[in-house]
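Peer 1: Encoded as structure tokens, here's the structure I'll be asking about.
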């Protein structure tokens, strides 16, 4: 199958979050499975200035609202050798950030990504001629909308499957009623049955309604968003209406990048058979943070966004209780200024136990994964989560709330049966989180038991090959259902 993947981010050149890691890995996994993937992303300055890109189409005119916008398409190659097409429009994409600067979104993001989706659909039709178009999150939602509702484009995709994957339902691409004009569609599509959402335009809703198949990034999250209105964010009924054409497929981890046996960023490499290098990584991490080298205490890492979704407010409420445990904690996080200020100030109260690094740095993230004994993820909700998969690969034991993809990847350790790969708490509750961390600390003191737990972590396999195989099986079924195969 020729599969055109459309997204707003792609590691390593354009990354704001986990979406970039997914789009950086999935095309290579599909290629390894024998398919013909390609990637369509915005022509950000961060990509155009770093890769060799040649124009394949110049100055393409496209109706956009009341006017015409022109764009070019550049061709480059991603790190897996997959063709990467860049939608080149300097007015929209030649900026320093992806979604904004200094934590503030660009005010024209609705225009930018409505344009991107429509231009990507044109590029897919003109250049790729795909069997499957796989769009990701609201920034690409205009692709499945254009494929099925744009009178000029619809005939070009009669034999193509339209797939839309939701990475986080909390961000839906909701704009003003007037923004509907940007899509150049018939008025009938601005209705409660399609793009209208409480008087506003909702791109994600339109994509879900019009695509052939919708998915999200873990089986548990797929169940949660149709049964819990707090997690469905108003679209739970729309997703239920997709019935068997809405599925949850767990993301994978890129083990080429996240592998302690080959990681160039860490103090010492190690393997499941020879894990001693992890102790050297822990010493190096403590030294770099100015923490005392208390090896009889577990080092706990966090690499996260400083937001309520990630449960950082829960940790704030429980911090004194957590700090009474025999452990040390390092956070690599940024986001909410109030939370940032709280944890930086808390360092002075716990100088031998706590460090808060208020930034994101990929090298530091690798060093925290390798140098930590445990990894804390107390998320309020978590569509999939990737950092717990990375932690498991590094023999770093997750302490996680059982929600979304965390429930699908982390299970409670049973020392008697030697089963499970972490410590889990069900309720979004500070006392439950502290209790799970207490179980972790108690187990860490039992060195033989802890080594058994580490081996369980190492044995957890969440490769992209597994995920790619599930996507391909689903694409095949959907194409058969539509009479396309």
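Peer 1: Among 344, 15, 427, which comes first, second and so on when ranked by fewest other beta-carbon atoms within 10 Å?
Peer 2: Details: 344 15, 15 18, 427 10.
Arranged by neighbour count, lowest to highest, 344, 15, 427 become 427, 344, 15.
Peer 1: From the mean inverse distance of alpha carbon pairs (Kirkwood) and the Cα radius of gyration, derive Rg over Rh for the range 326-431.
Peer 2: Expressed as Rg/Rh, it is 0.97.
Peer 1: Would you kindly calculate the mean projected area, averaged across all directions, of the convex hull enclosing the Cα atoms of the range 126-271, in square nanometres?
Peer 2: It is 11.9 nm².
Peer 1: How high is the relative contact order of the chain, in percent, with contacts defined as C-alpha pairs under 8 Å that are six or more residues apart? Walk me through the numbers on the way to the answer.
Peer 2: Numbers: 977 pairs, mean separation 57.7, N = 485.
Over the chain, the number comes to 12 percent.
Peer 1: Taking the Kirkwood radius as the inverse of the mean 1/r across Cα pairs, report the Rg/Rh of the range 306-358.
Peer 2: Reported Rg/Rh (Cα atoms, Kirkwood Rh): 0.92.
Peer 1: What share of all Cα pairs of the range 277-461, in percent, falls into each consecutive 10 Å distance bin?
Peer 2: 10, 42, 40, 8, 0
Peer 1: Could you tell me whether the range 205-346 comes out rounded, prolate or oblate from its Cα gyration tensor? Rule is a ≥ b ≥ c as square roots of the eigenvalues, rounded for a/c under 1.5, then prolate if a/b exceeds b/c, otherwise oblate.
Peer 2: Oblate shape, in that a/c is at least 1.5 and b/c is the bigger or equal ratio.
Peer 1: Additional query: Compare the peptides 394-400, 23-29 by average per-residue count of other Cβ atoms within 10 angstrom and give them in order, highest first.
Peer 2: 394-400, 23-29
Peer 1: Taking 7 Å along the Cα-to-C-beta vector as the label spot, tell me the residue 190-residue 287 distance in nanometres, rounded to one decimal.
Peer 2: 6.4
Peer 1: Ranked by Cβ crowding within 10 angstrom, fewest neighbours first, how are 412, 9, 295 ordered?
Peer 2: On the way: 412 15, 9 25, 295 11.
The most exposed by this proxy come first: 295, 412, 9.
Peer 1: With the cut-off at 1.5 for a/c, could you classify the range 375-446 from its C-alpha gyration tensor as rounded, prolate or oblate?
Peer 2: oblate
Peer 1: Another question, if that's okay. With all distinct Cα pairs included, what does the Kirkwood hydrodynamic radius of the range 156-216 come out to in Å, to one decimal, could you say?
Peer 2: 12.3
Peer 1: Out of every Cα pair in the range 67-139, what percent are spaced more than 20 Å from each other?
Peer 2: Looking at the range 67-139, the distances longer than 20 Å represent 37 percent of pairs.
Peer 1: For the range 200-277, what ratio Rg/Rh do Cα atoms give with a Kirkwood hydrodynamic radius? Write out the running numbers ahead of the final one.
Peer 2: Values: Rg = 19.5 Å, Rh = 15.4 Å.
Across the range 200-277, the Cα-based Rg/Rh ratio is 1.27.
Peer 1: A further question on this structure: Relative to the present Cα-Cα distance, how much length would full extension add between residue 326 and residue 129 at 0.36 nm per residue of separation?
Peer 2: Roughly 65.0 nm would be gained on extension.
Peer 1: Among 102-108, 446-452, how do they line up by average Cβ neighbours within 10 Å per residue, starting with the highest?
Peer 2: Result, highest mean Cβ count within 10 Å first: 446-452, 102-108.
Peer 1: Follow-up question, since we're still on this one. When the helix-only estimate is applied to the chain (DSSP H runs of n ≥ 4, each -39,500 (n - 2.57), divided by the residue count), what is the mean residue ellipticity at 222 nm, nearest 500 deg cm²/dmol?
Peer 2: On the way: 18 runs with 181 residues, N = 485.
Taken over the chain, the calculation gives -11000 deg cm²/dmol.
Peer 1: Still on this structure: Would you mind ranking 231, 183, 392 by Cβ crowding within 10 Å, fewest neighbours first?
Peer 2: 231, 183, 392
Peer 1: Of all DSSP beta bridges in the chain, what percent run antiparallel (nearest 5)?
Peer 2: Roughly 30 percent of the beta bridges in the chain run antiparallel, per DSSP.
Peer 1: From the P(r) of the range 251-310, can you give the percent of Cα pairs sitting at distances over 13 Å?
Peer 2: 71
Peer 1: Pop a pseudo-label 7 angstrom from the Cα along the beta-carbon direction at both residue 244 and residue 459 and give the gap in nm to one decimal.
Peer 2: In this crude label model, residue 244 to residue 459 measures out at 3.5 nm.
Peer 1: With N set to the number of residues, divide the alpha-carbon radius of gyration of the chain by 2.2 N^0.38 Å and report two decimals.
Peer 2: Normalised Cα radius of gyration, the chain: 0.99.
Peer 1: Ordered by packing density, taken as the mean number of other Cβ atoms within 10 Å over each peptide's residues, highest first, how do 286-292, 191-197 rank?
Peer 2: 191-197, 286-292
Peer 1: Any idea what diffusion coefficient the range 1-129 gets from Stokes-Einstein, in µm²/s, Kirkwood Rh on alpha carbon pairs, 10 °C, 1.306 mPa s?
Peer 2: Translational diffusion coefficient: 107 µm²/s.
Laboratory data are not the source of any read-out in this text; all were calculated from the coordinates shown. Remember, it's a predicted structure, so these values are computed and weren't measured experimentally. Reconstructed Cβ throughout: ideal geometry from the backbone, glycine too, with neighbour counts over all protein chains shown.
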